[in-house]
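Heads up: the structure comes next, in structure tokens.
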Amino acid sequence: MARRRARAGCDGHALILLKVRLVRNRESPIENLLAPEAPSLRNEKMDLNLKFDDRGLIPAIVQESTEAGGRVLMMAWMNEDSLKHSVDSGYMHYWSRSRQKLWKKGESSGHTQRILRWFVDCDRDTLLFEVEQHGGACHTGFASCFYVELDKTGNDLPPQEEPLFSPDSVYKA
């Protein structure tokens, strides 16, 4: 299969959509990241050349599909394991720094994120995922974690939207 690339203007680097190479003191093969509806492509090996930080983490920015408006939904951290789980399942998985564990988005709430496309920035140290969001993305009940607008002095403005769900009814201890 030929590589699909989107040209970027950042020092002539290219955003590589399907073929990349992983570097973090060792190489690690990871399968093609496509939703389960594309089984003919999912078994192809990918080489990733990502720059994880000294904790083995890389930031992942998540936005809704362009068809749904393209709103930025959240930012979370990923490690190699969460990236592999995301690749294998076609659904977003992250690394929780506070709980020190892997988690699948929606494992408690049912508000999952099906991966449509993904990108890497020109420095290869940040990922961007375009997803099909089911339910709210924010644990506070809002569609996006970025629902608090700030005024020019940095003070919170009132939210311009209502929560999609009540966290108390979704996240039970």
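Centre-to-centre separation between the Cα atoms of the range 106-136 and those of the range 145-159: 24 Å. When peptides 79-87, 65-73 are sorted by average Cβ neighbour count within 10 Å, with the highest value leading, the order is 79-87, 65-73.
Subtracting the Cα-Cα distance of D151 and W103 from their residue separation scaled by 0.36 nm leaves 13.9 nm. The equivalent ellipsoid of the range 72-173 has semi-axes of 24, 19, 13 Å, largest first, where each one is the square root of 5 times an eigenvalue of the Cα gyration tensor. Across the cross-link table entries K152/K172; K84/K172; K51/K172; K84/K152, which are compared at the Cα atoms, the separations over 30 Å belong to K152/K172; K51/K172; K84/K152. For the range 64-132, the alpha carbon convex hull comes to 98 Å³ per residue, rounded to a whole number. Summing Lys and Arg as +1 and Asp and Glu as -1 over all other residues whose Cβ lies under 15 Å from the Cβ of Y171 gives a net charge of +2.
Here, each number is a calculation from the coordinates, and none is a lab measurement. Computed from a predicted structure; not experimentally measured. Every residue, glycine among them, receives a Cβ derived from its backbone with ideal geometry; neighbour counts consider all protein chains shown.
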